[in-house]
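In what follows, a structure is listed as structure tokens, so that the remarks can point back to it.
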Amino acid sequence: MWEIFYKMDEIEINIGGIFEQRRLESMRQIGKTEAVAQDNRDLEELQWRYENLQLTNNDRSIIDDLIFCMRSRSERVEQLAYYAGASDTLEFINQ
């Protein structure tokens, strides 16, 4: 009986891995666009400006935590949106 559950977990992991590989490849392709290249240049400029601000260690730590939280949330939302789109596509195909 437990073999069925283990097999289902293995299938879910394999499917999840395939989706994650495709998502990462999509992100690499998106990263090659001029718009993203410009965003990266802007980010480098802003990072340089931030690093040169006269801030206390406490202030810098608070800002760093905020930036990390925003980045982490953005990545999580992007991943969930990709999976939702893939799920919607499969549902549409199966109709």
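As a test of the definition: which semi-axes, in Å, follow for region 32-95 when you take the square root of five times each eigenvalue of its alpha carbon gyration tensor? Largest first, please.
Values: eigenvalues 262, 58, 3 Å².
The answer is 36, 17, 4 Å, longest axis first.
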Notebook entry, point to check: To the nearest 10 square angstrom, what accessible area does residue 61 show with a 1.4 Å probe?
Noted result: 50 Å²
Margin query: Rounded to the nearest 10 Å², what accessible area does residue 78 have for a 1.4 Å probe in the complete protein model?
Written below: 50 Å²
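Provide 50, 82 ordered by accessible surface of protein heavy atoms (probe 1.4 Å), highest first.
Values: 50 40, 82 65 Å².
Correct descending sequence by accessible area is 82, 50.
The values are calculated or read from the model by the stated rules, or taken from the named source; none is laboratory data. Quick caveat, the model's predicted, so the values are computed rather than measured. With ligands, DNA and RNA removed, areas are computed over all heavy atoms of the protein, side chains included. Shrake-Rupley method; radii C 1.70, N 1.55, O 1.52, S 1.80 Å.
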